[in-house]
1. Report those helices (runs of 4 or more DSSP H) wholly inside the stretch 105-221 carrying at least 2 residues which are at pLDDT below 95 and out of contact with any Lys or Arg (no Cβ under 7 Å at 6 or more places or on another chain).
2. From (1) outside any strand (DSSP E or B); (2) within 15 Å of the ligand (Cβ to nearest atom); (3) open to solvent by 40 Å² or more (accessible area, probe 1.4 Å), pick out the condition that doesn't hold for residue 100.
3. Would you pick out the residues in the stretch 1-15 that are surrounded by fewer than 18 Cβ atoms within 10 Å (Cβ to Cβ) and of a type outside the set (D, E, K, R)?
4. Would you point out which residue out of 112, 122 is assigned by TED's automatic domain parsing to the domain that holds residue 67, crowded, with 19+ Cβ neighbours inside 10 Å and either under 27 Å from residue 165 (Cβ atoms) or more than 8 Å from the ligand (Cβ to nearest atom) (or both)?
5. From the list 49, 32, 45, 53, which one is open to solvent by 50 Å² or more (accessible area, probe 1.4 Å), over 20 Å from residue 126 (Cβ atoms) and either of a type outside the set (Gly, Ala, Ser) or without any contact (Cβ under 8 Å) to a residue 12 or more places away in the chain (or both)?
6. Quick test of your reading of the structure: residue 136 fulfils all but one of (1) near the ligand (Cβ under 10 Å from one of its atoms); (2) among the charged types (D, E, K, R); (3) free of Cβ contacts under 8 Å to residues at least 60 places away in the same chain. Name the failing condition by number.
7. Only residues in the stretch 143-154 that are near the ligand (Cβ under 6 Å from one of its atoms) count as the first member; pair them with residues that are assigned to a helix (DSSP H, G or I), Cβ under 8 angstrom, at least 6 apart or cross-chain, and list the lot.
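The values are calculated or read from the model by the stated rules, or taken from the named source; none is laboratory data. Note that the structure is a prediction, hence the values are computed from the model and not measured. Quick reminder, even Gly has a Cβ in these numbers, built from the backbone with ideal geometry, and neighbours come from all protein chains shown. Only protein heavy atoms, including side chains, enter the accessible area calculation; ligands, DNA and RNA are left aside. Shrake-Rupley method; radii C 1.70, N 1.55, O 1.52, S 1.80 Å.
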Amino acid sequence: MADPAAIRVDVITIFPGLFEPFVGEAMLGIARDKGLARIAVHDLRDWTRDRHRTVDDAPYGGGPGMVMKPEPLVEAIEQIAGPKGPERRARVVLLAPQGRRLDQTHLEELAREEHLVLVCGRYEGVDQRVVDLAVDEEVSIGDYVLSGGEVPVMVLLEGVVRLLPGVLGNPESVESESFAERLLEGPQYTRPPEYRGLEVPEVLRSGHHAEVARWRRQRAVERTEERRPDLRDGARGDEER
Ligand code: ADE
């Protein structure tokens, strides 16, 4: 039985088959089975009206590639999310490289929504009127270009669903995550204590919880300074705001 408080997620794509294994297995499958997330995947071509089920067309002004047509996308979004405006309860997100870059804070915000509609862009882009008429925000998963929004939607979904209360067995594993405080995770070890001459640091085997916590924090800070100083700068920027 689905929990009435479960988040509802609708995905609109021209490749619904890509999502079947993804939403049915591992963490997303568990969330679905526990009734914590209701995920539905829709084939955009179901909103086309021509014999060829056309979803794209040549760009005005010329140039390479194809642009996704406005009619099927706008009609699909409106049917699933309702018309854009203050009455709309759903948040409609288009995954596109020109969107706002996704980060952990943004995922936390999305995980608090009751209904997300995730739209996969394809080809060279999406007709701007789709964004103007039906989309609430555009999100990018990073400064690189993929050929479509399907993998980005999966990234966003996985990032959101693992934050939902009850999905992960141990809520501490979400809370203690270093990204929550803008630190990279330090090194982790499991058994055996020595492998090919490399030993697990003594402190982790000592059983001194306070020492372990201090050691972990030091390694996390060092690693962040070395690899991602921008995360620390960002943290300071936030405090000033
Ligand atoms: N579609 C293509 N590239 C993308 C990206 N980096 N983020 C989101 N959607 C995309």
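1. Output list reads 171-175.
2. All conditions are met except number (1).
3. Once the filter is applied, which keeps residues that are surrounded by fewer than 18 Cβ atoms within 10 Å (Cβ to Cβ) and of a type outside the set (D, E, K, R), the stretch 1-15 yields 1, 2, 4, 5, 15.
4. From the options 112, 122, the qualifying one is 122.
5. Residue meeting the stated conditions: 32.
6. (1)
7. If the second residue must be assigned to a helix (DSSP H, G or I), the pairs left are 146/152.
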